[in-house]
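Undergrad: I am attaching a structure below and will ask some questions about it afterwards.
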Amino acid sequence: MREAVTTRNLNYSYPDGTIALNNINITIQEGERVAIVGPNGAGKTTFLLHLNGILQNTDGEVKIFGKNVNEAEREDIIKNVGVVFQDPDDQLFMPTIFDDVAFGPMNLELNENEVRRRVKNSLTRLGLTGYDERCSHHLSYGEKKRASLAAVISMEPRILVLDEPTANLDPKSRAELIKIINELNRDGVTIIITTHDINAVPELVDRVYVLNRTIIAEGIIREIFSDAKLLKENHLEVPEVFKLFEVLKCFGYNCEELPLSINEAIENLTKTIGTNGGHIHLHIHEHTHEETEKVKHKYRYDHH
Amino acid sequence: MLDYPRIDRFAYLNSMIHRFDPRAKIIAFLFLIFSIVGLSEVKFALVGLLASIFFLVLSRLPLRFALRHIKWVSLFIIPFFIIMPFTMEGTEICTIHGLKVTYEGVEYGVLITLRALSAVILILPMIATTRFEETIKALERLRVPSIMVQMLMFTYRYIFVFGEEWERMWRAIESRGFRLRTTLYALRTMGRAMGMLFVKSYERSERVYNAMRSRGYTGHQRTLAEFNLQKSDLVLSALIISLGIILHIIQGVA
């Protein structure tokens, strides 16, 4: 396995001197799925802009497949790292969807047949067949979002960077987009996302970086979600299912690993009920009230 | 949603002019426009106007749509039509409130009006019968400088986005009780809101530019387009261009 993205001592300050990124060290292996989470204004987008050299920075090092972003040919980086920005209106700037999806491949100076093949493939993959001549302005937000992803995957990047991919999407569009991102990952594409959509984290990634100007923590999802203090300090949350099983524990449910998603919950319940002779027993014991209050307190932001 | 005054609203219709290759269409009609604008006699300009109307009819664009566009431009033509008769030296026809109306002035006023109207009318079969993005691509193929094509393209893409941004802002302003009056306060609020729109646009332009660079933009840009010049396109262009030339030849002889 190769290192897809490596950053070493990366620092970045805004023109007014505010520190945006402070000593960022990250290593992401090829084919990994990684989320970068953190509060608003933590520098997540700023960090993403470093990954394909949009923000060039000599204070620190960003390497893509071992090549330094500042020194490599620009085209080499662009070809490997596709960035999907948050607002599709920023991403779709050409007159028609076809032109937008063809924009990247054209800049890579591929021949016309290859450009057309890639446009067709990308549109098919995103379920946008027949959208070629549509103007992005007339599409729904969900369609725009898919079109912006099509416009990036037409460059066939090995690393896909998505800034808040699920934000503002309706549940159906959200589910479709998650499915497509995971399909791309199965084809070997490394996925890096930023998100506030904590329920999407277990579905989309395996590993999490908590970023708040600097890397606060790193680990597999369960580790990060189990650290209540870390979550609170960085304005984060855990999925509702995770909380529910914590509550169940207060009522005597025996659970080693808290489930992160509905699927895991079903698995967990099935297993527990199976090993307990076909049923589970919940009851109120002397500490139940105290423990549920603790769980409630643990995830509350509306009081101090 | 705003009701956008889209110039290519009727580009989906089917007519001889709609089927005309966009590149040939632009060249032929532009030639005719310049030719008619260059005419110096009223009777020939009148022929030019009739020809323009003929092409408009041929394009099957709805009359209401055409009139709506012509109406606004006419507002700029009318002042010439009114001012010219009073300001040119020449043979006096009559006097209105002590102002001399001259024959030459009337003639020149009519000439300017005819030429301008013809040009405005011809713009419609030229632009309104092609989807705007096709027109842009045609311009690109005609080797119009890339920077101009790109400016046109981005204007077309983002004018709607900014329009909606303004609409959203205005709705927010109004829902907090603001009513537009001719007070200094109201004007100042309007001014600030417009300022905000500029700031937002500037910030968006930066994000768009980042997105463009992320996909390998270096300042040059090409698009793919399938234009297919048919024999009928050549014939139609030849006819339109000859019309422009013939008008000048006859005017020169007569």
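The values are calculated or read from the model by the stated rules, or taken from the named source; none is laboratory data. As the structure is a prediction and not an experimental result, all values here were calculated from the model. Counting neighbours? That spans all protein chains shown, and the Cβs are built from the backbone with ideal geometry, glycine included. To get the accessible areas, we keep the full protein, side chains included, count just its heavy atoms, and leave off ligands, DNA and RNA. Shrake-Rupley method; radii C 1.70, N 1.55, O 1.52, S 1.80 Å.
Undergrad: With the requirement that a residue be open to solvent by 10 Å² or more (accessible area, probe 1.4 Å) and either more than 17 Å from the chain's Cα centre (by Cα) or more than 9 Å from chain B (Cβ to nearest Cβ) (or both), what does the range A:70-85 give you? Even if it seems obvious, please write down each step before you answer.
TA: Our first condition is that a residue be open to solvent by 10 Å² or more (accessible area, probe 1.4 Å); within the range A:70-85, this holds for A:70-76, A:79-80, A:85.
Selection gives A:Asn70, A:Glu71, A:Ala72, A:Glu73, A:Arg74, A:Glu75, A:Asp76, A:Lys79, A:Asn80.
Undergrad: Next question, about the same structure. Go through (1) more than 18 Å from B:Phe160 (Cα to Cα); (2) open to solvent by less than 10 Å² (accessible area, probe 1.4 Å); (3) in contact with a Lys or Arg (Cβ under 7 Å, 6 or more places away or on another chain) one by one and return the number of the condition A:Ile97 breaks.
TA: With respect to (1) more than 18 Å from B:Phe160 (Cα to Cα); (2) open to solvent by less than 10 Å² (accessible area, probe 1.4 Å); (3) in contact with a Lys or Arg (Cβ under 7 Å, 6 or more places away or on another chain), A:Ile97 is out only on (1).
Undergrad: Moving on to the next point. What tally of residues in the range B:208-240 results from selecting those that are assigned to a helix (DSSP H, G or I) and either away from every other protein chain (no Cβ under 14 Å) or of a type in the set (Val, Ile, Thr) (or both)?
TA: To start, the set of residues in the range B:208-240 that are assigned to a helix (DSSP H, G or I) comprises B:208-214, B:231-240.
Cutting the leftovers down to either away from every other protein chain (no Cβ under 14 Å) or of a type in the set (Val, Ile, Thr) (or both) gives us B:208, B:231-240.
Number satisfying all stated conditions: 11.
Undergrad: Can you tell me which of (1) hydrophobic (A, V, I, L, M, F, W, C); (2) more than 14 Å from the chain's Cα centre (by Cα); (3) farther than 21 Å from A:Glu267 by Cβ; (4) assigned to a helix (DSSP H, G or I) is the one A:Ile181 doesn't meet?
TA: Of the numbered conditions (1) hydrophobic (A, V, I, L, M, F, W, C); (2) more than 14 Å from the chain's Cα centre (by Cα); (3) farther than 21 Å from A:Glu267 by Cβ; (4) assigned to a helix (DSSP H, G or I), the odd one out for A:Ile181 is (2).
Undergrad: Right, something else. Which residue pairs have Cβ atoms closer than 7 Å, lie 6 or more positions apart in sequence or on different chains, and pair a first residue in the range A:87-101 that is closer than 18 Å to A:Glu133 by Cβ with a second residue that is acidic (Asp, Glu) and open to solvent by 10 Å² or more (accessible area, probe 1.4 Å)?
TA: Note: pairs meeting the criteria are A:Thr96/A:Asp132; A:Thr96/A:Glu133; A:Ile97/A:Asp132; A:Phe98/A:Asp132; A:Phe98/A:Glu133.
Undergrad: Still on this structure, I have one more. Determine which single condition B:Ser205 fails, assuming it passes every other condition in (1) part of a helix (DSSP H, G or I); (2) within 30 Å of B:Lys25 (Cβ to Cβ); (3) among the polar types (S, T, N, Q).
TA: For B:Ser205, the exception is condition (2).
Undergrad: Considering the range A:56-69 alone, what residues qualify as being at pLDDT 90 or above and either surrounded by fewer than 22 Cβ atoms within 10 Å (Cβ to Cβ) or within 14 Å of chain B (Cβ to nearest Cβ) (or both)?
TA: Passing the criteria: A:Gly60, A:Glu61, A:Lys63, A:Ile64, A:Phe65, A:Gly66, A:Lys67, A:Asn68, A:Val69.
Undergrad: Restricting attention to the range B:187-198, which residues are in contact (Cβ under 8 Å) with a residue 24 or more places away in the chain and open to solvent by less than 60 Å² (accessible area, probe 1.4 Å)?
TA: Once the filter is applied, which keeps residues that are in contact (Cβ under 8 Å) with a residue 24 or more places away in the chain and open to solvent by less than 60 Å² (accessible area, probe 1.4 Å), the range B:187-198 yields B:Ala193, B:Leu197.
Undergrad: Can you tell me which residues in the range B:1-57 are assigned to a loop (DSSP other than H, G, I, E, B) and hydroxyl-bearing (Ser, Thr, Tyr)?
TA: B:Tyr4, B:Tyr12, B:Ser15, B:Ser40
Undergrad: Mind listing just one residue for me: the one in the range A:7-22 that is assigned to a strand (DSSP E or B) and open to solvent by less than 80 Å² (accessible area, probe 1.4 Å) and, of those, farthest from A:Gly43 (Cα to Cα)? Reasoning before the result, please.
TA: So in the range A:7-22, the residues assigned to a strand (DSSP E or B) come out as A:7-13, A:19-22.
Narrowing the set further to residues that are open to solvent by less than 80 Å² (accessible area, probe 1.4 Å) leaves A:7, A:10-13, A:20-22.
Details: A:Thr7: 15, A:Leu10: 12, A:Asn11: 11, A:Tyr12: 9, A:Ser13: 10, A:Ala20: 5, A:Leu21: 6, A:Asn22: 10 Å.
Looking at the filtered set, the residue picked out is A:Thr7.
Undergrad: Hey, another quick one. Kindly provide the set of residues from the range B:97-113 that are assigned to a helix (DSSP H, G or I) and open to solvent by less than 20 Å² (accessible area, probe 1.4 Å), ordered by number.
TA: Passing the criteria: B:Gly105, B:Gly109, B:Leu111.
Undergrad: Can you give me the number of residues within the range B:10-29 that are open to solvent by 70 Å² or more (accessible area, probe 1.4 Å) and either at pLDDT 95 or above or among the charged types (D, E, K, R) (or both)?
TA: Residues flagged as open to solvent by 70 Å² or more (accessible area, probe 1.4 Å) and either at pLDDT 95 or above or among the charged types (D, E, K, R) (or both) within the range B:10-29 amount to 2.
Undergrad: Can you work out which of the residues in the range B:133-155 that are within 12 Å of another protein chain (Cβ to nearest Cβ) and open to solvent by 30 Å² or more (accessible area, probe 1.4 Å) is nearest to the chain's Cα centre (by Cα)?
TA: B:Leu152
Undergrad: Determine which single condition B:Leu67 fails, assuming it passes every other condition in (1) among the aliphatic types (A, V, I, L, M); (2) in a helix (DSSP H, G or I); (3) within 30 Å of A:Ser140 (Cα to Cα).
TA: If we test B:Leu67 against (1) among the aliphatic types (A, V, I, L, M); (2) in a helix (DSSP H, G or I); (3) within 30 Å of A:Ser140 (Cα to Cα), just (3) comes out false.
Undergrad: Can you find a residue in the range A:35-43 that is within 14 Å of chain B (Cβ to nearest Cβ) and of a type in the set (Val, Ile, Thr)?
TA: no
To keep it simple, each residue is scored yes or no on (1) closer than 19 Å to B:Trp72 by Cβ; (2) of a type in the set (Val, Ile, Thr).
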residue	(1), (2)
B:Leu114	yes, no
B:Ile121	yes, yes
B:Pro125	yes, no
B:Ala128	yes, no
B:Phe132	yes, no
B:Lys137	no, no
B:Pro145	no, no
B:Met148	no, no
B:Phe160	no, no
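Undergrad: Quick one: B:Arg64 ticks every box in (1) under 30 Å from B:Glu107 (Cβ atoms); (2) free of Cβ contacts under 8 Å to residues at least 24 places away in the same chain bar one, so which box is it?
TA: (1)
Undergrad: Please determine, by comparing only the residues of the range B:156-186 that are farther than 20 Å from B:Met196 by Cβ and either touching a residue at least 60 places away in the same chain (Cβ under 8 Å) or within 11 Å of another protein chain (Cβ to nearest Cβ) (or both), which one is least open to solvent (accessible area, probe 1.4 Å).
TA: B:Arg157
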